[in-house]
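Student: Got a structure here, written out as C-alpha cells. Questions coming.
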Amino acid sequence: MPDVSVGKASDFADPGRKVVDISGTEIGVFRLGDDFFAYHNICPHLDGPACQGKILPCATEDVQPDGTSMGRVFSKTQMNIICPWHGYEFDIRTGKHPTDGRARLRPVNVSVRDGEVYVNVPAR
Ligand code: FES
C-alpha cells in the first residue's frame, strides 16, 4: 500500500495523537516533539483500542543510591499510552509494555516529508 497522509505535523498536539482509519485499519499516530510513531489500534491484551487512551508520563520510583525510596515520580523522558479498557501501558516510542516483553503494540511505518505525516499500512 502506498504512503497515506494523515495530516500536517503542525496539526498534532505535542504530546498528541490522531487515530485514523485507513481502508478499514485503525492506526494511532503519535507525536512527541519532532518525532512521530504509529501503531495498530489494537491492544495485545484483549484487542481494546489502546491508542485511544490517555497519554501520560511513565510513573517510576525515585530510588536513591543507598536504596531509599523517595516515592513515585513522573518520568521526564518517557511518555506512555494507556489502554482505556484495562490500563495496560505502552511506551509511545517503542510500543512496549514496561514489564511484559511479550505485550507490545504492533508498529506501523511513519514518516514526515515537507511537514506532512505519512503512514504506510501493509496490505492484509
Ligand atoms: S484490552 Fe487493553 S488493557 Fe485490556
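Student: Ranking request for peptides 79-88, 20-29: highest mean number of other beta-carbon atoms within 10 Å first, then the rest in descending order.
Tutor: With the highest mean Cβ count within 10 Å placed first, the list reads 79-88, 20-29.
Student: So, one more: Work out from phi, with θ = phi - 60° and the Karplus expression 6.51 cos²θ - 1.76 cosθ + 1.60, the ³J(HN,Hα) of each residue of region 54-62, listed in order in whole Hz, and give x for Gly and Pro.
Tutor: Values, residue by residue: 6, 9, 9, x, 5, 8, 10, 9, 7 Hz.
Student: Could you pull out every residue, at least 5 positions away or on a different chain, whose amide H is within less than 5 Å of the one on Met79? Hs are placed 1.01 Å off N in the peptide plane, and Pro or chain starts have none.
Tutor: Result for Met79 returns Cys58, Ile92, Arg93.
Student: Can I ask one more? How are the C-alpha pair distances of the chain spread across 5 Å bins, as whole percents from the shortest bin up?
Tutor: Binned Cα distances yield the sequence 2, 11, 21, 21, 18, 12, 7, 4, 2, 1, 0.
Student: Next question, about the same structure. Calculate, for the chain, the solvent-accessible area per residue in square angstrom, rolling a 1.4 angstrom probe over the heavy atoms of the protein chains.
Tutor: Here the per-residue accessible area is 60 Å².
Student: I need two numbers for region 53-124: Rg to one decimal and Dmax as a whole number, Cα atoms only, in Å.
Tutor: 16.1, 53
Student: Could you check the spin-label model distance between Thr94 and Leu56? Points 7 Å from the Cα along Cα→Cβ, value in nm.
Tutor: Simple spin-label model gives 2.0 nm for this pair.
Student: Additional query: When the accessible area of the chain is computed with all protein chains present and a 1.4 Å probe, what percentage of it is carbon and sulfur?
Tutor: On the chain, the fraction of accessible area on carbon and sulfur atoms equals 50 percent.
Student: Treat every Asp and Glu Cβ in the chain as -1 and every Lys and Arg Cβ as +1, leave all other atoms uncharged, and give the resulting dipole magnitude about the Cα centre to the nearest 20 debye.
Tutor: 200 debye
The values are calculated or read from the model by the stated rules, or taken from the named source; none is laboratory data. Given the structure is predicted, the values throughout are model-derived calculations rather than measurements. No Cβ is skipped: glycine too gets one built from the backbone with ideal geometry, and neighbour counts run over all protein chains shown. Ligands, DNA and RNA are stripped out before the accessible areas are found, and what is left, the full protein with its side chains, is counted by its heavy atoms. Shrake-Rupley method; radii C 1.70, N 1.55, O 1.52, S 1.80 Å.
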